[in-house]
Each structure stands twice: as structure tokens, then as C-alpha cells.
Amino acid sequence: MTAANMLRAERIKLLSTRTPWWCAAIAVVVALAYTALFFGFVPLEGQSGVTSTQVASALGRTVVLVLAILAAATEFNWGTMKLTFQAVPSRVPALLAKGAVVGVFSGLIGLLVGFGSWAVAYLIKPAADLGLASGADWRAVAGQGLTFFLTGLLGVGLGLLFRSPAFALGFALAWTQVLEGLVVLIPKVGGDIYQWMPFFAANQFSGPDLTVSMLKLEPPLGPWGYLAYFGGICVIIYAAGLMITHRRDA
């Protein structure tokens, strides 16, 4: 099977079910709704809207993580992964195609979230400082495509590692919604550890995290350094899922 055929097969498997479309819609709607509420009720006093866009994108990124996990893990439940490996015995090319398709789809959702949130903010408060005049502004908007793409790879990796949607989702949601937040409560070293959490790193690329100012943190890396760090974690987990799936039965 050629690379084009594998990509086409993965695209059909992903987009022929309702789950990805529902997840995409939820990710975009939640982000836009948060942005509308923020700019509708919070006085900005001339400040940049980058922070609000970053928080809105973090909500959407969690939904995309769920989407990517389901795209990989449910194939083991339904038996379609076994059929895929019968068509592609070497397995690795098919898994690379899955990562590429899910990652690109996730990246497109990120672009919708980024530019959609910016547009909603501009419509509600056109007088606010929302011009795309600097690299930081573009990272907060267009940069969502990169962080969402990497999140898609991370989700596929977790789905391949756990194989069970329930276990994979439980781990991912516990980590993103509970564990990363609890780290800051560790006496003395909590703030230092928190600055190396994966999704904190993703937020720093998109824009200043609210916790940075609230906890008076001094992040050790710049935006691009944090993107590389987050990307490295995502690629390692994706590669681990690929290697383990390649070696054991489907």
C-alpha cells in the first residue's frame, strides 16, 4: 500500500465517524464562548488580549487531546486496527499515517480556535489592543495550529500505549485537569516543578500564562524553547506508542 493510500485510509477512518466532528465543534465553541465571556465582562483597561486567547485555546486543546486518544484507542476496541495491520504488515507506515492525519486535523482545529477567538474578541471590544503587530501576537493566534498539532500526536501516542479509551482518557484528564494544578501546592519546589509541566509549556508558547503572574514565576525558557520542550514530550510519547504497538499483537 502506497503512502497516499495509507493517508487516504486514515482520513476516511477518522472523518467517517461523528466523534471527531463533535470534538472539533466542542473545541471551537468552548474556546469562542470563553473568549466572548471574557471580553464581554472583564475590563481590559487597554491591556492585550493575548492572555485570554491563551486560556481559551487551552480549553480547546484538552478537547483535541480527547479526540486524538479516541482516534487511536477505539480502533483496538472495534478491531479496525487489526484489519489495518493485515493490509500493512510492517505497521509503522500505517501508524505514521495515523499520526499525520490526526495531527493535521488537530492543527486545523487549532487555527480555527486561534483566529476565531481573536475575531470574536475584536468584534466585542474593537478598541482593545488586539492588533497582530508582533511575533507574540501571531504566536497567540496562528501558533495554536502548532500546539494543537503536537497535542494530536500526544493523544495518538497515549491511545496506542493504553489501547483502552477509558484508561487513556482517565490518565490524560487527570494529568491535565488535576495533577498539573496540584504540583504548585508542593511546598518550596512546587512552582519550580510546575514550570516544567507539559501543558504549562504549551501555554507559554501561545502567550503569558495567568499562573506566571499569580505565582510570580520566572519561566526558565522562552516561547520557542517551551514549544521545543512540549514538542519533544509529544514526539517521545507518540514514538513510544508506535514502537510498542509495532511489537505486540493488535
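The values are calculated or read from the model by the stated rules, or taken from the named source; none is laboratory data. Quick caveat: nothing in here was measured; it's all calculated off a predicted structure. Note that each Cβ is placed from the backbone with ideal geometry, even for glycine, and that neighbours are counted across all protein chains shown. These area figures cover heavy atoms from the full protein model, side chains too; ligands, DNA and RNA do not enter into them. Shrake-Rupley method; radii C 1.70, N 1.55, O 1.52, S 1.80 Å.
So if the hydrodynamic radius of the stretch 59-123 is defined as the Kirkwood radius over C-alpha pairs, what does Stokes-Einstein give as its diffusion coefficient at 25 °C and 0.890 mPa s, in µm² per second?
My calculation gives 182 µm²/s for D.
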Open item on the list: Checking the cross-link filter: which lysines have an alpha carbon closer than 24 Å to that of K98, excluding same-chain neighbours under 8 positions apart?
Closed with: K13, K82
- [ ] Whenever you get a sec, compute what percent of the accessible area on the chain sits on carbon and sulfur atoms (1.4 Å probe).
- [x] 72 percent
Task: 1.4 Å probe accessible area per residue over the stretch 3-249, in Å² - done: 48 Å²
TODO: Could you tell me which of rounded, prolate or oblate describes the stretch 144-208, using a ≥ b ≥ c as the square roots of the eigenvalues of the alpha-carbon gyration tensor, with rounded for a/c under 1.5 and, failing that, prolate when a/b is larger than b/c and oblate otherwise?
DONE: oblate
Task: Estimated [θ] at 222 nm from DSSP helical runs (n ≥ 4, -39500 (n - 2.57)) normalised by residues in the chain, nearest 500 - done: -25000 deg cm²/dmol
Task: the stretch 67-200, Cα convex hull volume normalised per residue, Å³ - done: 150 Å³
Task: Distant alpha-carbon pairs in the stretch 167-250 (separation over 15 angstrom), percent - done: 64 percent
Open item on the list: Students often get this wrong: which residues of the stretch 62-90 have the backbone nitrogen under 16 Å from the point 7 angstrom along Cα-to-C-beta of F167?
Closed with: 69-70, 72-78
- [ ] Could you run the Debye sum over the Cα atoms of the stretch 105-176, one equal point scatterer each and no solvent, and tell me log10 of I(q)/I(0) at q = 0.16, 0.19, 0.23, 0.25 Å⁻¹, two decimals?
- [x] -0.67, -0.79, -0.95, -1.03
- [ ] Quickly rank 29-37, 9-17, 113-121 as a protection proxy: mean count of other C-beta atoms within 10 Å, highest first.
- [x] 113-121, 29-37, 9-17
- [ ] Set the Förster distance to 25 Å, then compute FRET efficiency between L83 and W175 from the Cβ-Cβ distance, nearest 0.05.
- [x] 0.20
- [ ] May I ask you to list the lysines whose Cα is less than 20 Å away from that of K216, ignoring any residue fewer than eight positions away on the same chain?
- [x] K188
Open item on the list: Taking 22 Å as R0, compute the FRET efficiency from the Cβ-Cβ separation of R247 and T17 and round it to 0.05.
Closed with: 0.20
Task: Kirkwood hydrodynamic radius (C-alpha pairs) into Stokes-Einstein, the chain, 20 °C and 1.002 mPa s, D in µm²/s - done: 115 µm²/s
- [ ] Could you grab the relative contact order for the stretch 3-249? Cα pairs under 8 Å, six or more apart, rounded to a whole percent.
- [x] 25 percent
